[in-house]
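Below: one structure, written as structure tokens.
The values are calculated or read from the model by the stated rules, or taken from the named source; none is laboratory data. Predicted model only: the values in this text are computed from it and were never measured. When we count neighbours, we look across all protein chains shown, and the Cβ atoms used for this are built from the backbone with ideal geometry, even at glycine. Remember, those area values only see protein heavy atoms, side chains included, never the ligands or the DNA or RNA. Shrake-Rupley method; radii C 1.70, N 1.55, O 1.52, S 1.80 Å.
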Amino acid sequence: MADPQAELATMIANLKDKTGKSLDDWVGLTRASGPAKHGQIVAWLKSDHGLTHGYANLVAHKTLASDAGSHADDDLMAAMFAGPKAAMRPVYDKAAAFVASLGEVEFAPKKGYVSLRRSKQFALLQPSTKDRLDVGLNLKGVEPEGRLEKAGSWNAMVTHRVRIASAEEVDAEVEGWLRRAWEAA
């Protein structure tokens, strides 16, 4: 089961090993000499300091004191899986756990879905109904096969989707599509 707080703690712990500076060091540097807006901070950290998008986004959030992985994310997740859609939480958890095992991934909860990013968004997980979780995938140039279908008008941010009704359906086929989208990002 993916735990956003645990993932955030791991990311913060790995920051110094990956970059040579702690989160506090990066926040101090950004506050002292970096731009002031979130997108500008991310771009500056990536271009001038070589940080990956995930780490740059983390530093930007912390610099602006809008704590990534905060209560706001918890509130979005709670609302997303409230009421009838609560039955889809175990399905989400299984898919999210697999994605987290791939390596560096940013989980970005929104109002109705969770965006999955590496250097760019490669997938999203959306509890669409009380009995279906949709996995949206960015797989440009890939022909639909098996349970993989074109996204069509469902969501313009992805090219394909897989409809999942139970945790058992997060199987080798779905994991393969998620891995392929992750690798392409």
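Overview of values
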item: Förster radius 30 Å - calculated FRET efficiency between E145 and D74, Cβ distance, rounded to 0.05; result: 0.20
item: Separation between Cα centres of segment 14-39 and segment 81-149, rounded to whole Å; result: 29 Å
item: Candidate lysines for bridging to K110, where Cα separation is under 25 Å - those fewer than 8 sequence places away on the same chain excluded; result: K37, K46, K62, K85, K94, K120, K130, K140, K150
item: Simple Cβ-charge dipole of the chain, Lys/Arg +1 and Asp/Glu -1, about Cα centre, in debye nearest 20; result: 560 debye
item: Heavy-atom accessible surface of the chain: percent carbon and sulfur, 1.4 Å; result: 53 percent
